[in-house]
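The structure under discussion appears below in the form of structure tokens.
The values are calculated or read from the model by the stated rules, or taken from the named source; none is laboratory data. Here the structure is a predicted model, which is why all the values come from computation and not from measurement. So basically every Cβ, Gly included, is an ideal-geometry build from the backbone, and we count neighbours across all protein chains shown. These area figures cover heavy atoms from the full protein model, side chains too; ligands, DNA and RNA do not enter into them. Shrake-Rupley method; radii C 1.70, N 1.55, O 1.52, S 1.80 Å.
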Amino acid sequence: MDKTIIAIDQGTTSTRAILFSTQGEVRHIAQKELQLHYPQRGWVEQDAQAIWADTEACLAQILRAAGPDRSLAIGITNQRETIVVWDRATGQPIYNAIIWQDQRGADHCAMLRQAGHEDMVTDRTGLLLDSYFTATKLAWMLDNVPGARQRAVQGDLCAGTIDSWLVWHLTRGQNHVTDATNASRTLLYNIRTHDWDDDLLKLFDIPRAILPTVQDNAGDFGLAHLPDGTTLPITGMAGDQQAALIGQACIAPGMMKSTYGTGCFALVNIGQDFQKSANRLLTTVAYRLNGQGTYALEGSIYVAGAAFQWLRDGLKAFESAGESEALARSVADTGGVVFVPAFTGLGAPYWDPHARAALMGMTRDTTLAHITRAACEAQALQTHDLMTAMAADMGAPVTRLRADGGLVSNKLVCQMLADIMGIPIDVPRVTETTAMGAAFLAALGCGYYRDLSDVTGMWQRGASYAPDIKPAARDEKLALWRDAVSRVLTK
């Protein structure tokens, strides 16, 4: 029987553990949904203790399914930019996890931008000053939780993204670590020197002592103590979008993937040379192996699958997300409706945290079917914005895209992507690419794989979608989209 790897995939709306064969086949999945909390307008939080409890529960289920055959190692992938601060002695969080969608740091970012700091921040981190990233969330906790800043300065607290939080508990407090991809999303990590940056720490007033040690994406992250009393090494870790890039085998410069989960994130591998975007995209660490960083350009869309959750839970348009495609196909077009799903602001290339969602072009004839179809089309229109910016940065058009994530099960969304972007869309046979990337890294870190080239032969196309729309129709949709976006922008 093939050896196996356990991947922990801790996302925004669920926590999962997946058992993979070393050939990339899914053997078993355990999943628990995760609740979001909205204490104030623009604030989004999660219970960090619930994240850990769900992780333990999923691991227990996977271990039972695996039986007596021991896996080689554990890989971890996680929602990025979500921050937890906890007591170093007890492991108890001092506040809820503040997740990546949270906008409470928007004014802090605006103040720093007005003071002229953005160029320095971008030159060192590849990022823009936006509350999407971790630094202002962490600063808010230290300033607003009673006694937190003093305890942080004294070394009594730990801070980290979800990967760090999980490793801390899995290793029973022995390892406070992160990986280069998660570190690169904090606004505190210099992706040129590959270290926490003293000037950035001073800018955001973050004590270095509370931050984790940054490691390569494959290696020794510590020994996990599992629910069944056994142990396994943690040997791979990456933020979810970088893990998906690896799971999609986009390891050559110019290869691109786009993941459609709660949000949508498109990354293109640009190799080992740092390149600053001229079109308000992000430069981020794609992965770091053997001390050598590889970079990616990234475009981030805050709301993708979350739009369908809103249609399901808010408008009661359907009972399950899987029904959305049938409802959208029940009408021939959107009836002129344009849906801008800016529930938590607009990401790349607009970076407007104060923009808000809008439905435009509705008439008395508009139905939930039209709105649902417009939500499908919005995924393609948002992606087109990213692809246009990426093509400008690279000096070459995007010619093919590998798509993954929960939304690619919606074939209408995939066809709309091909139509609006005017290029073929490839969906992999195994769509669990984020968790698969973590499993690949773990297999590399424990020595089962020699290098990332072992990954390329495992990627297989499951479906492909070719453009099937007249150029004039595409241009009309894009014009309506641009007009709608212009109406929700606040800057």
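Based on this model, can you work out whether residue 60 counts as in a helix (DSSP H, G or I), over 19 Å from residue 163 (Cβ atoms), touching a residue at least 60 places away in the same chain (Cβ under 8 Å) and in contact with a Phe, Trp or Tyr (Cβ under 6 Å, 6 or more places away or on another chain)?
no
On inspection, residue 408 qualifies as among the aliphatic types (A, V, I, L, M) and either in contact with a helix residue (DSSP H, G or I) (Cβ under 6 Å, 6 or more places away or on another chain) or not in a loop (DSSP other than H, G, I, E, B) (or both). Exactly one residue out of 248, 292 is open to solvent by 30 Å² or more (accessible area, probe 1.4 Å) and either among the hydrophobic types (A, V, I, L, M, F, W, C) or on the phi < 0 side of the Ramachandran plot (or both), and it is 292. Would a scan of the stretch 403-412 turn up a residue that is open to solvent by less than 10 Å² (accessible area, probe 1.4 Å), of a type outside the set (A, V, I, L, M, F, W, C) and under 23 Å from residue 219 (Cβ atoms)? For the stretch 403-412, residues open to solvent by less than 10 Å² (accessible area, probe 1.4 Å), of a type outside the set (A, V, I, L, M, F, W, C) and under 23 Å from residue 219 (Cβ atoms): absent. Looking at residue 381, is it closer than 15 Å to residue 263 by Cα and in contact with a Phe, Trp or Tyr (Cβ under 8 Å, 6 or more places away or on another chain)? Spelling it out, residue 381 is indeed closer than 15 Å to residue 263 by Cα and in contact with a Phe, Trp or Tyr (Cβ under 8 Å, 6 or more places away or on another chain). Against the test of being assigned to a helix (DSSP H, G or I) and modelled with pLDDT of 95 or more, the options 436, 416, 390 yield a single qualifying residue, 416. Specify the residue that is surrounded by the fewest Cβ atoms within 10 Å (Cβ to Cβ); the eligible residues are those in the stretch 70-84 that are assigned to a loop (DSSP other than H, G, I, E, B) and out of contact with any Cys (no Cβ under 8 Å at 6 or more places or on another chain). Ranking the qualifying residues of the stretch 70-84, first place goes to 70. Give me a count of the residues in the stretch 352-390 that are in contact with a strand residue (DSSP E or B) (Cβ under 9 Å, 6 or more places away or on another chain), farther than 19 Å from residue 474 by Cα and either surrounded by fewer than 21 Cβ atoms within 10 Å (Cβ to Cβ) or of a type in the set (Asp, Glu) (or both). So the answer is 7. Beta carbons closer than 6 Å, at least 6 apart along the sequence or on distinct chains, pair a first residue in the stretch 330-344 that is on the phi > 0 side of the Ramachandran plot with a second that is outside any loop (DSSP other than H, G, I, E, B) for 335/370.
Would you mind listing the helices (runs of 4 or more DSSP H) fully within the stretch 143-244 where at least 3 residues are under 23 Å from residue 442 (Cα atoms) and either aromatic (Phe, Trp, Tyr) or open to solvent by 10 Å² or more (accessible area, probe 1.4 Å) (or both)? Talk me through it step by step, then tell me what you get.
On the way: elements: 148-153, 162-170, 180-183, 198-204.
In the stretch 143-244, 162-170 are the helices (runs of 4 or more DSSP H) which contain 3 or more residues that are under 23 Å from residue 442 (Cα atoms) and either aromatic (Phe, Trp, Tyr) or open to solvent by 10 Å² or more (accessible area, probe 1.4 Å) (or both).
Residue 54 fulfils the conditions (1) in contact with a Phe, Trp or Tyr (Cβ under 8 Å, 6 or more places away or on another chain); (2) open to solvent by 10 Å² or more (accessible area, probe 1.4 Å); (3) among the charged types (D, E, K, R); (4) under 22 Å from residue 168 (Cβ atoms) except for a single criterion, (1). For residue 443, the test of being out of contact with any Cys (no Cβ under 9 Å at 6 or more places or on another chain), free of Cβ contacts under 8 Å to residues at least 12 places away in the same chain, on the phi < 0 side of the Ramachandran plot and open to solvent by less than 60 Å² (accessible area, probe 1.4 Å) is failed. In the condition set (1) crowded, with 24+ Cβ neighbours inside 10 Å; (2) more than 20 Å from residue 341 (Cα to Cα), residue 400 is compliant with all but (1). Assessment of the stretch 85-104 against the conditions (assigned to a loop (DSSP other than H, G, I, E, B), open to solvent by less than 60 Å² (accessible area, probe 1.4 Å), among the acidic types (Asp, Glu) and on the phi > 0 side of the Ramachandran plot) yields no matching residue.
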